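See below for the structure under consideration.
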Amino acid sequence: MTEYKVIGKSVPRIDALEKVTGRAKYTSDIKVPGMLYAKIKGSPYPHARIINIDTSKAEKLRGVKGVVTGKDAPQKLIGSPLADMPLLANYGIVRYVGEPVSAVAADTIEIAEEALDLIEVDYEELPAVFDVEEAFRENAPVIVHPKLSDYERLDKDFPEMACPIQFEPNRPNVFTHYKVRQGEDVEVGFREADLVVENRFVTARVQHVPLETLQCIAQYDLNGSITIMSTLQGIYLGKAVFTNYFDISPSKVRVISPYVGGAFGCRTGTSMQCIAILLARKSLRPVKLAFTRDDDMTLGFHNPNFVIYIKDGVSKDGYLTARHIKILYDGGAYVAEHSLSFVAQCSEKALATYRIPAFKLDTYGVYTNKTPTIAMRSVGGVQVAWALERQMDIIAERLNIDPTKLRRKNLLKEGAINLIGEPVSSFGAKKCLDQVAKWMEKAEKPEPEANNVWKIGNGISLGSHFSICAPISTATVKLYSDGVIEVAYAEDELGQGSMTVLAQIAAEEFGVSLDKVKVVRGDTASAPVGLASVASRTTYFAGNALVRACQEAKRKIFALAAPMLEMTAEELEMSEGKVYVKGVPDKAILISDLFGPTGVAHGLETMAGRGEHRDPFIEADPETGQSKKLYTWHIYGAYGAQVAVNVQTGKVKVLKAVGAYDMGRAINPKLCEGQMEGGLGIGLGIALNEALEFDKGALLNPNLIDYKMATAMELPSVENTKSIIAAVPCDSGPYGAKGLGEMTSVTPVAAITNAVCNALGIAINEIPITRERVVRALKEARK
Amino acid sequence: MKQEFEFILNGEICDAYIEPWHSLLDLLREQFALTGAKSACQSMTCGACTVLVDGKAVRSCSILAPQVEGRHVVTIEGLGGEDGLDPLQQAFIDHFAVQCGFCTPGMILTAKALLDENPNPTEEEVRMHLTGNLCRCTGYVKIVEAILAARKKD
């Protein structure tokens, strides 16, 4: 690969100083004069009709400045690509425990809480369905959305989300059925196989748990304009929702996102902010909605739980001949916050890595009376990849083939066609697998000691992720007379380090050091349009846009400098604040001289460039899922883990962990490592501990005591955690980069669970593999 | 009824005036606008609100404001001196131990209390000490590395 000055270098984060000194401002740190405090009242029932809401007592409480119910909301449903969600139950039905029915704004949070208790709601309870397999049935006991076919659909407006909406007439709770078909008939493939392996895999619901809970300050001006400051992953995503839902001019909507204290997908949500807007409109005061952890876990949405059925045909030498996958995606009560699209997107895990001559996939999005769902780091891909990679290990064991070898045999190749019909490119899966296998060989299992209660196991996994071809990112650059480059773009800084990566791109383009780059983002008033920090897309989309913006600015600068240097623009280059003749660095003019002594001699205080990036996209055939270009790119990764399992207590310790990923190019290797290690942290939790527990739809553990995310003690030592950059350049990316973030949580879960199963010699096909589950599995195995 | 008392905040004598049922975290964030200490769990599990009280790491959400009367409180804003950053802050920058940054102040102050008491902890001791501080971004790897790097090498 070409060597660059700043690209590919682990330069320190440009936001680190503010963050280590406590100066970085998050929405939770910000107050606005005259601000009120909001609280939301939720339904105690999983499914009910609202007979009456009486807010009169709450309104009379001293300090209460506004109470809203569904009557105050626009009389329409919210959501994309399927508008299925009411706001404050504005159609009189609630479908999950905690669904907002009313909200209060008051002088203090204590008064707002007191007012909630004074709001009287009469419900008529309706039967509810919680189990996804039950809800999926043709004769489902409860229909969650009886008017589903009347709902407004936007899938034709946003085909890049890659999920057509296809209802199932006989299955009333299915909100979409995503299909992929390729090659031979699977039934023929199963008949021809030497071995057929069929398994059912079950996952828990999990949550993102960003450390900063949802925060929002809504302001409503008398001219009808609104300003929203919030924990958001997409200022323009939010702007689009607020503009459409409240039916106001986009010129009157400003959305701001300061630093965000973690997101992982859940900050793509915008419905709670709509409630804050209603309160601001009603009270004509700025309103702050600040979730507690309990609010964030009950009112904030969840990653869906899954039931996944995989049936494989294999030859005795280990080649997959046929595969049929059926996935039930428990969407909960509403999929308004883009969750419908992930029915297709979570399935990508089954489509991009292996070669299978007869293939069929059916993923069903199913409504239940549980909390709605939303994207979480790989949009359900973690769970689907886990099931697939458990299945690969089960096959390897049945055939007595080494698990790594089995995967190698079935890998796709560069230039082949993947299971959705795309040509395979920038395919790093083999490189990643080889690197992980090499490292794992060194991590050989210690010999088991007699009577040792700790059993050691190794596990490996493989996987892919993608970015969506969704609309656009743009970037602008300004060059100031002192040579400082100002970069502006829309995508939010969630901790992933995108500000630093984009600053590196601008620094490289202009040949300046990083301290000469200023980054502007997080405010629709100053940042040009861009979709959002989602789908691991910021480096690729905003990065590509920025390269083009820099090139345009440079063209203008060279055009201005050319006559002064008596050369043509094409003969010029620039770096370190000078424009010079290519190959003759002494024949140069200072940037400051270009502007003239006052900085405005040419009518300019700055010189600007703008660039955008869109990615080509071909809509898939809805019956077969086939398309020559459905996703921007696929990133591949492999993972290896070694665990120790205590056969008395069921405790699992992850001893060693190694991941390798092909992110195209690591623009900042240390930032990439940070993503990989963070992916392990979340993956370890999902594999072993994290589960949202429900009783009749009510969340039992909405707190960080009972919902167990991994602590520093549960992660392997620094020495035993290895993150490998196995980059394979991507021609269409900025400096060859793809993206990384979401991919990193996809592979660790299967590697860890495969290692646990390897240690025990027992297949456990349900996550998380808690201590209880280990002990139970051992008991059952002894029978 | 608000209560008035004196305490030492980041080296300066300060007057607090607050309802006695408010937490130290409320006092710092609301009255002194020191927002480095964060509220993230309300159940004493995440450590994002950690500050130093008389040199010990304390979860400021879990003690009442008047309990610091006459005591030394140090927040992330008071760490480091005239000559710049505390070595821990610099190590967090150098080792990429920061991502979203929401847990960072609590992590640094927890580590500060540890290193003040035990200048040369092992990795195991560092990890044990951090169990009360949750991070969702980093997998703790670079945080542990930064703290190990900031140990006072003899």
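Nothing in this text is a laboratory measurement; each read-out follows from the coordinates by a stated rule. All figures in this text were calculated on a predicted structure; none of them were measured in a lab. Quick reminder, even Gly has a Cβ in these numbers, built from the backbone with ideal geometry, and neighbours come from all protein chains shown.
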Read phi for every residue in the stretch B:59-76 and hand back ³J(HN,Hα) as whole Hz from Karplus 6.51 cos²θ - 1.76 cosθ + 1.60, θ = phi - 60°, with x for Gly and Pro. 7, 5, 7, 9, 10, 6, 3, x, 5, 9, 3, x, 9, 8, 10, 10, 10, 4
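Can you give the calculated 222 nm mean residue ellipticity of chain A, where each DSSP H run of n ≥ 4 adds -39,500 (n - 2.57) and the sum is split over every residue, rounded to the nearest 500 deg cm²/dmol? Could the numbers behind the result be given before it?
Numbers: 18 runs with 199 residues, N = 783.
Mean residue ellipticity at 222 nm (helix-derived): -7500 deg cm²/dmol.
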From Cα coordinates alone, what are the radius of gyration and Dmax values for the stretch A:406-457 in angstrom? 17.5, 53
Principal axis extents for the protein assembly as shown, Cα atoms only, whole Å, descending order, please. 81, 79, 64
Amide H of B:GLY80: which non-local residues (sequence gap of 5 or more, or other chain) have their own amide H closer than 5 Å, using H built in the peptide plane? B:ASP86
Counting alpha carbon pairs within less than 8 Å and at least 6 residues apart, what relative contact order, in whole percent, applies to the stretch B:3-78? 39 percent
For the stretch A:137-147, what does the Karplus curve 6.51 cos²θ - 1.76 cosθ + 1.60, with θ = phi - 60°, yield as ³J(HN,Hα) per residue in whole Hz, taken in order and with x for Gly and Pro? 4, 5, 9, 3, x, 9, 9, 6, 10, x, 9
Rg(Cα)/(2.2 N^0.38 Å) for chain B, N = residue count: 1.02
Would you mind calculating the gained length between A:GLU444 and A:VAL647 on full extension (0.36 nm times residue separation, minus the Cα-Cα distance), in nm to one decimal? 71.1 nm
Would you order A:LYS651, A:LYS582, A:LYS39 from fewest to most other beta-carbon atoms within 10 Å of each residue's own beta-carbon? A:LYS582, A:LYS651, A:LYS39
Taking the radius of gyration and the Kirkwood hydrodynamic radius from Cα positions alone, what is the Rg/Rh ratio for the stretch A:69-161, to two decimal places? 1.05
Packing-based exposure ordering (other Cβ within 10 Å, fewest first) of A:ILE111, A:ILE420: A:ILE111, A:ILE420
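Within 9 Å, Cβ to Cβ, of B:LEU115, how many net charges do the neighbouring residues add up to if Lys/Arg are +1 and Asp/Glu are -1?
On the way: positive: B:LYS112, B:ARG151, B:LYS152; negative: B:ASP116, B:GLU117.
Around B:LEU115, the surrounding residues sum to +1.
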What nm value, rounded to one decimal, do you get for the distance between B:GLU125 and A:ASN199 when each label is placed 7 Å out toward the C-beta? 4.3 nm
At q = 0.21, 0.25, 0.31 Å⁻¹, base-10 log of I(q)/I(0) for the stretch A:728-783 (Debye sum, equal scatterers on each alpha carbon): -0.79, -0.98, -1.22
Computed over chain A, the relative contact order (Cα-Cα under 8 Å, seq sep at least six) in percent reads 16 percent
A:LYS629 paired with A:ARG137, simple spin-label distance in nm, labels 7 Å along Cα-to-beta-carbon: 4.7 nm
Using only the alpha-carbon atoms of the stretch B:87-149 as identical scatterers, what base-10 log of I(q)/I(0) does the Debye formula give at q = 0.17, 0.18, 0.30 Å⁻¹? -0.46, -0.52, -1.63
Where in the stretch A:705-764 are there GluC sites (Glu not before Pro) that are in a DSSP coil and have at most 14 other Cβ atoms within 10 angstrom of their Cβ? A:GLU719
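Just the number, please: Stokes-Einstein D of the stretch A:470-613 in µm²/s, Kirkwood Rh from C-alpha pairs, 25 °C, 0.890 mPa s.
In µm²/s, the coefficient is 159.
Remind me, what semi-axes does the stretch B:3-78 give for its equivalent ellipsoid, largest first in whole Å, using sqrt of 5 times each Cα gyration tensor eigenvalue?
Values: eigenvalues 60, 37, 23 Å².
Rounded to whole Å, the semi-axes are 17, 14, 11.
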Just the Cα atoms of the stretch A:458-532, one point each, no solvent: what log10 I(q)/I(0) does Debye give at q = 0.14, 0.15, 0.24, 0.28 Å⁻¹? -0.53, -0.59, -1.13, -1.33
Can you give me the span-like helices of chain A, meaning DSSP H runs with 24 Å or more of Cα extent along the axis and Kyte-Doolittle mean at or above -1.0? A:381-399, A:543-565, A:669-688, A:743-760
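If you place +1 on the Cβ of every Lys and Arg and -1 on the Cβ of every Asp and Glu, how big does the dipole about the Cα centre of chain B come out, in debye to the nearest 20? All intermediate terms of the calculation are to be shown ahead of the outcome.
Numbers: 13 positive and 21 negative charges, 123 e Å.
That gives a dipole near 600 debye.
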If the only charges are +1 at each Lys and Arg Cβ and -1 at each Asp and Glu Cβ, what is the size of the charge dipole of chain A around the Cα centre, to the nearest 20 debye? 680 debye
Karplus-derived HN-Hα couplings along the stretch A:645-655 (A = 6.51, B = -1.76, C = 1.60, θ = phi - 60°), whole Hz, x at Gly and Pro: 10, 8, 6, 8, 9, x, 5, 10, 10, 7, 8
Among the listed pairs A:LYS25/B:LYS56; A:LYS651/A:LYS708; A:LYS31/B:LYS38, those beyond 18 Å (Cα-Cα): A:LYS25/B:LYS56
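If Lys and Arg each add +1 and Asp and Glu each add -1, what is the summed charge of the other residues whose beta carbon sits under 10 Å from the beta carbon of A:GLY66? Let's see the in-between values first.
On the way: positive: A:LYS65, A:ARG281, A:LYS282, A:ARG285; negative: A:GLU59, A:ASP72.
Once all neighbours under 10 Å are counted, the net charge is +2.
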Once Lys and Arg are counted +1 and Asp and Glu -1 for all other residues with Cβ under 11 Å from that of A:SER473, the total becomes 0
If you average the sequence gap of Cα pairs under 8 Å that are 6 or more apart and divide by the length of the stretch B:87-149, what percent do you get for the contact order? 54 percent
Taking H placed 1.01 Å from N in the peptide plane, check which residues at least 5 places from A:ALA698 or on another chain put their amide H under 5 Å from its amide H. none
